[in-house]
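The values are calculated or read from the model by the stated rules, or taken from the named source; none is laboratory data. Computed from a prediction, not measured in an experiment: that's the story for all the values here. We place every Cβ from the backbone using ideal geometry, glycine too, and count neighbours over all the protein chains shown.
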Amino acid sequence: MVTDTLSGVGLGFRAIAALIAVVAIVSYFFLRSMGKAEAVMSLRWVILLEAFYWAITFIPAGLWGVSANPFSNTNGQLLGNLVVNFFPCMLGGILLPVVLVVLFTKLNPNKPSAGAIKWALISGTAFVLVYWFTNTGDWVYTIMDKRYGSQYLTNYPLNLLSFVVTTVGLLALTIYAGYVSKKSFGIQNWRALNFKKIGAVIALFGLFYAGIYVMWILAGSVGGWSSWYAWFLGHDVDLWIMTLPLVGLPLMFYAENTNENLPS
């Protein structure tokens, strides 16, 4: 009752953030009825509401994962809950609200852009890190399950491919995102950012989700329904990430030609 209620509240904050984002995009780019100051204010509200979503939804869920019977380790239950629930939820529920709140404070038209740029890059990298940790935890949990074990990978090449792309591929993308971000620290103007590399990170992040999903559409639940498929297809509220190439790819090609029209 507690975690489901709080997650509903958290999703409500995210829904409000999405509504603000859609209205701001339509008003700014299509209706031309919103100025730069109002657009920045809308973005700040989106960021703050997203921070509330992560804190309210995931910290209680992480605590629930080990609070029911914290001293029980029957059949590895406690270890499994730590891997699949507690650590991923607490990482997302603590790290992301912190970086997003800092970004909220830095993103101010009356302040220099350098601080907002730095924390926008840090926030983006933190998101990729959280999703790598979460999805890797679910794969590890699946292998820990005696019903599947390592044979779930060795006997089914598509599962092995999915496992490697998740555990190694997303980790490599996280490291690359951190590298791109670190190289951009100190930049004073948004136009000076390497949007081609940033677009590549966004596109590859989305292609991970799209690739796993399309693989399931074409091949089904290889090796049988498991915790991995239950998580990715049944409990993952972030399948919208597979649409990110629609943002990343145009950004790469647009930035390749000109940065003159990018916002300052």
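Where helices (runs of 4 or more DSSP H) fall wholly inside segment 80-169, the ranges with 3 or more residues that are within 16 Å of the chain's Cα centre (by Cα) and surrounded by 21 or more Cβ atoms within 10 Å (Cβ to Cβ) are 87-106, 113-144.
Could you tell me whether Trp54 is touching a residue at least 12 places away in the same chain (Cβ under 8 Å), more than 17 Å from the chain's Cα centre (by Cα) and under 22 Å from Gly12 (Cα atoms)?
Answer is no for this residue.
Among the numbered conditions (1) at pLDDT 95 or above; (2) under 14 Å from the mean Cα position of the chain (by Cα); (3) surrounded by 13 or more Cβ atoms within 10 Å (Cβ to Cβ), the only one that Thr243 does not meet is (3). (1) farther than 18 Å from Lys196 by Cα; (2) hydroxyl-bearing (Ser, Thr, Tyr); (3) in a helix (DSSP H, G or I): which one isn't true of Ser221, the others all being true? The single condition Ser221 does not satisfy is (3). For segment 103-158, the set of residues classified as of a type in the set (Phe, Trp, Tyr) and more than 21 Å from Leu49 (Cβ to Cβ) consists of Trp132, Phe133, Trp139, Tyr141, Tyr148, Tyr152, Tyr156, listed by residue number. Among the residues making up segment 192-207, a single one is part of a loop (DSSP other than H, G, I, E, B) and of a type outside the set (A, V, I, L, M, F, W, C): Asn194.
Identify all residues within segment 153-186 that are of a type in the set (Phe, Trp, Tyr) and under 18 Å from Leu233 (Cα atoms); write none if there are none.
Step one: list which residues in segment 153-186 are of a type in the set (Phe, Trp, Tyr), which gives 156, 163, 176, 179, 185.
Selection gives Phe163 alone.
Go through segment 29-68 and give me each residue that's among the hydroxyl-bearing types (Ser, Thr, Tyr), crowded, with 17+ Cβ neighbours inside 10 Å and either farther than 30 Å from Val83 by Cα or at pLDDT below 90 (or both).
Here is the first cut: in segment 29-68, the ones among the hydroxyl-bearing types (Ser, Thr, Tyr) are 33, 42, 53, 57, 67.
So of that shortlist, the ones also crowded, with 17+ Cβ neighbours inside 10 Å come out as 42, 53, 57.
Ser42, the sole residue that qualifies.
Within segment 3-51, if we keep just the residues that are farther than 16 Å from Asn108 by Cβ and not in a helix (DSSP H, G or I), the residue that is nearest to the chain's Cα centre (by Cα) turns out to be Met34.
Gly234 satisfies every condition listed in (1) out of contact with any helix residue (DSSP H, G or I) (no Cβ under 9 Å at 6 or more places or on another chain); (2) not in a helix (DSSP H, G or I) except (2). Right, Tyr213: of a type outside the set (Asp, Glu), surrounded by 19 or more Cβ atoms within 10 Å (Cβ to Cβ) and within 23 Å of Tyr141 (Cβ to Cβ) or not? Here the answer is no, as Tyr213 does not meet what is asked.
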